[in-house]
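The values are calculated or read from the model by the stated rules, or taken from the named source; none is laboratory data. Since we're looking at a predicted model, the values are computed, not measured. In this analysis, Cβ positions are derived from the backbone assuming ideal geometry, glycine residues included, and neighbour counts consider all displayed protein chains.
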Amino acid sequence: MKKFTFIISFLLIAFIFSCENTDQEMTDDELIQAIIESENRISVTKEDLPQSTITSLNFDVPNDVIRSAELAPNLGFEIELKSWNFFEFELDFERDDNKYFTTKGRKLESTKGIKGVKKKRESCFKFVYPISYTMSDNSVISGNSRKEIHTQMKAYFDKNGKSRENKPTLNLPIQILITSKDKTVSTKEISTLGDLKLLWQYCKNNKGNKGDDKRG
């Protein structure tokens, strides 16, 4: 009887240990890749995310907000961020820095950096810099990268306050770079914000897949 009790206790401990280490059966790189490739992803809200995930995001990217979040059941979360919470900022359309977490909220760290993940979700186009924005006071902010412009925008809003009324206006036309499935890079001119938003929405709906004649 004692032997039977010992076996049951051993199996119970082994089961608990196995459950606690589910997300460690795969490396972070493999888990990120599995989340990206999951076909049964579920859209979730900020309230559905583990508190440890929110805490991590607030620490790592305090000036960003969640644009969207998806759960790959039994795998983890993919979280897409944007720079502002009061309007859609065009520079965010080319972001490719999504964050990944386990279902329990642990941040996933790729040993190769997220760019090393095989089929990383990414924007299907990039801006040709420099580009510029006209502010509500008619001043102009320009830069040679998204980060450079973002830094100037933050300084401007820290000084002048943030509101929908002082939203920057992207100066058009601009050029964008599109990479097709065969890795061919082509240039396209964008003359209206409507065209830019349609292109970005197409990219988002197709989960970053590249190359399609529908993009015009």
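Taking the numbered list (1) aliphatic (A, V, I, L, M); (2) surrounded by 13 or more Cβ atoms within 10 Å (Cβ to Cβ); (3) more than 17 Å from the chain's Cα centre (by Cα); (4) at pLDDT 90 or above in turn, Ala155 passes all entries but (2).
May I ask you to say which residue of Phe86, Phe77 is of a type outside the set (Lys, Arg) and within 13 Å of the chain's Cα centre (by Cα)?
The conditions single out Phe77.
Filtering segment 47-72 to residues that are in contact with a Ser or Thr (Cβ under 9 Å, 6 or more places away or on another chain) and at pLDDT below 95 leaves Asn63, Asp64, Val65, Ile66, Ser68. Does Asn58 meet the test of being part of a loop (DSSP other than H, G, I, E, B) and outside the structural domain of Leu193 (by TED's automatic domain parsing)? It is false that Asn58 is part of a loop (DSSP other than H, G, I, E, B) and outside the structural domain of Leu193 (by TED's automatic domain parsing). Residues that are within 16 Å of Leu31 (Cα to Cα), in contact with a Ser or Thr (Cβ under 6 Å, 6 or more places away or on another chain) and either surrounded by 13 or more Cβ atoms within 10 Å (Cβ to Cβ) or of a type in the set (Val, Ile, Thr) (or both) are absent from segment 77-97 altogether. Out of everything in segment 158-212 that is assigned to a loop (DSSP other than H, G, I, E, B) and either outside the structural domain of Asp137 (by TED's automatic domain parsing) or among the small types (Gly, Ala, Ser) (or both), what residue ends up being modelled with the highest pLDDT? Top of the filtered list is Ser191. Of everything in segment 174-183 that's exposed (fewer than 11 other Cβ atoms within 10 Å of the Cβ) and in contact (Cβ under 8 Å) with a residue 12 or more places away in the chain, which residue is farthest from the chain's Cα centre (by Cα)? By that ranking, first place goes to Asp182.
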